[in-house]
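Worksheet: one structure, shown below.
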Amino acid sequence: MAQELDYKVLLADALDAIEQLEAELAQRPALDEPLAVVGMACRFPGGSDTPQRFWELLAAGLDTAREVPAERWSIDEFYDPEPGAAGKMYSRYGCFVDGVAEFDPAFFGMSPREAAATDPQQRLLLECAWEALERAGIAPRSLLEEPVGVFVGLMHNDYSRRDPESWREQIDAFTSGNAPSIAAGRLAYVLGVQGPALAVDTACSSSLVALHLASESLRRRECRLALVGGVNLQLSPLTTVAECASHMLAPDGRCKAFDAAADGIVRGDGCAVLLLARQTDALREQLPILALIRGSAVAHDGASGGLTVPNGPAQERVLRGALAAAGVAAAAVTYVEAHGTGTSLGDPIEVGALAAVYGTQRGEAGPLKIGSVKTNIGHTEGAAGLAGVVKVVLALQHGILPPQLHLIRPNPHIPWQGLPIEVVTRAVAWPARVGGRRLAGVSSFGLSGTNAHVIIEEAPPASEPPPLAQERPRHLLALSAKSRPALLELVGRYRERLAQGEEPLADLCYTA
């Protein structure tokens, strides 16, 4: 009898322990949960100040390279066609975002003096972060004191070096506000959020590494939302002079990724901000899901042929790491937005790594398609990874792979005939994946040797909104701004949006 009682007590204790463990497991973060991109904003060359305009540029296959505009610096003063000329640049070209000096300081609670002293990179981040939140249907002021993370990738601070001859006169109380760390801190401060806020500099891979860190932070539940940004502006000739000294730039200002004539990059401006949420939260809160981040990985080249020399096996390792984190087979990925800088050394190494990881057991999936947005907008350096992500998200939404430019004669150092890889040189339909949703990879490799790769999945089908009980005969669109010029600008944007007729008028008025 006593033994039977002991048995029942032990069984009850075991059941209690199981229930407690199940409760603990339910509270633990799901380290493999997909993350939803619920908001997106950008500033890219060619007038691409919205995702829609950026898509139009990509779909049309436009190249935005042009001569350095006078408001940046005098190209004639710094140009010398002879590579290696001291203090000179041998390329006259770049890809530029217009109007970077324009800013509405009152909107963000800044004085005109502080705004003038603030790096335009930070101003673009503020604008794009606000727009990304608005596109997600989230009122930015509702995030006050919320655990929202801010992760920003950038690698240059040209604004502090724009006039090296008079730097002493430029120093004032706001000068320290241009430190890279402030790019993330200022954004968190303006929004009043209290999650992790950090700036990332791993050179060209900065913004994709920032995306990886934001994803990990969300999965560990350090924050409930994460703003991920990347920014790059060419504001001083010194950075371009330095890159010419290292023979990084293509003299003709064209990024010719995977072409026999590949001879370097063209520098590009850019800013992109994504708003991320855990998929379960996005579904529960009915946030618009643009795409899913399935997994990512970051790793270093290690001891390669030189500090800035790519390492093929290391690239393979980071690709496999991202696939493992995403829990998907390599053959399920049908497109990769390559790093694709257009260099004679880097292109063959990257294609070889892609073939080694993605080229096996493709079967009915067909060749892996690749491309590089750098042929459209140049190498946006600290923002390059997110530029590729925004391109892929837009391509997934439209079901079209936009063309890569400047591929005339494929690089003969790449054995194209023996590789299941195909560069997208004209706009083509992106076929639906049999048995699942479309998957893509995005690569970003840093000059520092730090590499990142992200796996992105198309968004799940959106649920149909419930029908209105009764359609209202009239709608009120309420608009406001900090000043009359700002209000007129806003009115113009709404006119353009209404003309597109993409959203129901009732929904647009409600959200406004």
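The values are calculated or read from the model by the stated rules, or taken from the named source; none is laboratory data. Remember, it's a predicted structure, so these values are computed and weren't measured experimentally. Cβ placement follows ideal geometry from the backbone for every residue including glycine, while neighbour counts extend to all protein chains displayed. Each accessible area value is taken on the protein alone, full model and side chains, heavy atoms only, with ligands, DNA and RNA left out. Shrake-Rupley method; radii C 1.70, N 1.55, O 1.52, S 1.80 Å.
Within the range 308-352, the set of residues being open to solvent by less than 30 Å² (accessible area, probe 1.4 Å), within 21 Å of Asp263 (Cα to Cα) and of a type in the set (Val, Ile, Thr) comprises Thr341, Val351.
Going by the conditions given, is Leu62 of a type outside the set (Val, Ile, Thr), out of contact with any Asp or Glu (no Cβ under 6 Å at 6 or more places or on another chain) and either open to solvent by less than 30 Å² (accessible area, probe 1.4 Å) or at pLDDT below 95 (or both)? No; evaluated as a whole, the condition is false for this residue. Consider the range 404-419 and keep the residues that are outside any strand (DSSP E or B) and in contact with a helix residue (DSSP H, G or I) (Cβ under 7 Å, 6 or more places away or on another chain). The one that is surrounded by the fewest Cβ atoms within 10 Å (Cβ to Cβ) is His413. Checking the structure you have, find out if any residue of the range 71-87 is crowded, with 21+ Cβ neighbours inside 10 Å and modelled with pLDDT of 95 or more. No; the residues of the range 71-87 include none that is crowded, with 21+ Cβ neighbours inside 10 Å and modelled with pLDDT of 95 or more. In the range 295-307, the residue that is surrounded by the most Cβ atoms within 10 Å (Cβ to Cβ) out of those that are small (Gly, Ala, Ser) and out of contact with any strand residue (DSSP E or B) (no Cβ under 8 Å at 6 or more places or on another chain) is Ser304. The sole residue among Ala184, Ala257, Ala262, Ala250 that is crowded, with 18+ Cβ neighbours inside 10 Å, in contact (Cβ under 8 Å) with a residue 24 or more places away in the chain and either among the aromatic types (Phe, Trp, Tyr) or over 22 Å from Pro83 (Cβ atoms) (or both) is Ala184. Report whether or not Val200 is crowded, with 24+ Cβ neighbours inside 10 Å, in contact with a helix residue (DSSP H, G or I) (Cβ under 8 Å, 6 or more places away or on another chain), at pLDDT 95 or above and not basic (Lys, Arg). Here the answer is yes, as Val200 does meet what is asked. Among the residues of the range 272-283, the one identified as open to solvent by 10 Å² or more (accessible area, probe 1.4 Å) and either modelled with pLDDT under 95 or touching a helix residue (DSSP H, G or I) at 6+ places or on another chain (Cβ under 8 Å) (or both) is Arg278.
With respect to being in contact (Cβ under 8 Å) with a residue 12 or more places away in the chain, open to solvent by less than 50 Å² (accessible area, probe 1.4 Å) and within 22 Å of Thr50 (Cβ to Cβ), Leu401 fits the description.
Which one of the conditions (1) modelled with pLDDT of 95 or more; (2) within 25 Å of Gly388 (Cα to Cα); (3) touching a strand residue (DSSP E or B) at 6+ places or on another chain (Cβ under 8 Å) does Arg123 fail to meet, given that it meets all the rest? Failing condition for Arg123: (3). Go through Glu422, Glu471 for me and flag whichever is modelled with pLDDT under 95, among the acidic types (Asp, Glu) and touching a helix residue (DSSP H, G or I) at 6+ places or on another chain (Cβ under 9 Å). After ruling out the rest, the residue left standing is Glu471. For the range 455-512, taking the residues that are outside any loop (DSSP other than H, G, I, E, B), under 27 Å from the mean Cα position of the chain (by Cα) and among the aliphatic types (A, V, I, L, M), the one that is surrounded by the most Cβ atoms within 10 Å (Cβ to Cβ) is identified as Ile456. Of all residue pairs spaced 6 or more apart or on separate chains, those with beta-carbon atoms under 7 Å, a first member in the range 189-211 that is in a strand (DSSP E or B) and a second member that is of a type in the set (S, T, N, Q) and open to solvent by 10 Å² or more (accessible area, probe 1.4 Å) are Ala199/Ser181; Thr202/Ser448; Thr202/Thr450.
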